[in-house]
1. Could you identify which residue out of GLY42, GLY15, GLY66 has the top mean-square fluctuation in a GNM of the chain using Cα springs shorter than 10 Å?
2. Could you tell me what a quarter of the Cα convex hull surface of the chain works out to, in nm² with one decimal place?
3. Rounded to whole Hz and in sequence order, give me ³J(HN,Hα) for the stretch 47-59 from the Karplus expression 6.51 cos²θ - 1.76 cosθ + 1.60, θ = phi - 60°, writing x for Gly and Pro.
4. Would you compute the Debye intensity of the stretch 73-115 from its alpha-carbon atoms alone, equal scatterers and no solvent, and pass along log10 I(q)/I(0) at q = 0.21, 0.24, 0.25 Å⁻¹ to two decimals?
5. Tally up the carbon and sulfur contribution to the accessible surface of the chain as a whole percent, 1.4 Å probe, everything protein left in place.
6. Using a 1.4 Å probe, how large is the accessible area of LEU11, given in Å² and rounded to the nearest 10?
7. Counting C-alpha atoms alone, how compact is the stretch 1-47: give Rg to one decimal and Dmax as a whole number, in angstrom.
8. What residue among LYS76, LYS65, LYS43 shows peak mean-square fluctuation when the chain is described by a Gaussian network model with Cα springs under 10 Å?
Amino acid sequence: QVQLVESGGGLAQPGGSLRLSCLASGFSVSDHVMRWYRQVPGKEREFVAVITRPGSVVDYADSVKGRFTISRDNTKNTLYLQMDNLQPADTAIYYCYCFVNQDIWGQGTQVTVSS
């Protein structure tokens, strides 16, 4: 079964850090373009970061450039999002996404940035 499961969300203070993980099953993250999105209730889901294949070229939304880092560990079949210098505007539910014959979304993990 093709599945994505996120973890690592939680509460962080402004300026703090969190690392999100997205464990894939039923396919290899090394063989697919992987993305992170986020969504605030009442707003559209927005793109955060992408890592391509081959070559693992990365790109980010302007709002997170210089603060977030996307990566993957092929041995663990896991996608990551390292989030540094978090700001209240980063508060959202974060989803990992991949297209494997169809759209595959994880269940999401809540990130809350507040003092």
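The values are calculated or read from the model by the stated rules, or taken from the named source; none is laboratory data. None of the values given here were measured: they were computed from a predicted structure. To get the accessible areas, we keep the full protein, side chains included, count just its heavy atoms, and leave off ligands, DNA and RNA. Shrake-Rupley method; radii C 1.70, N 1.55, O 1.52, S 1.80 Å.
1. Of GLY42, GLY15, GLY66, the most mobile in the Gaussian network model is GLY42.
2. The directionally averaged projection comes out at 6.9 nm².
3. So the J values, rounded to whole Hz, are 5, 10, 7, 9, 10, 8, 8, x, x, 6, 5, 10, 8.
4. Taken in order of the listed q values, log10 I(q)/I(0) reads -0.84, -0.95, -0.98.
5. 47
6. Using a 1.4 Å probe on the heavy atoms, I get roughly 130 Å².
7. Cα-based Rg and Dmax for the stretch 1-47 come out at 13.4, 38 Å.
8. Maximum fluctuation in the GNM of the chain, among the listed residues, is at LYS43.
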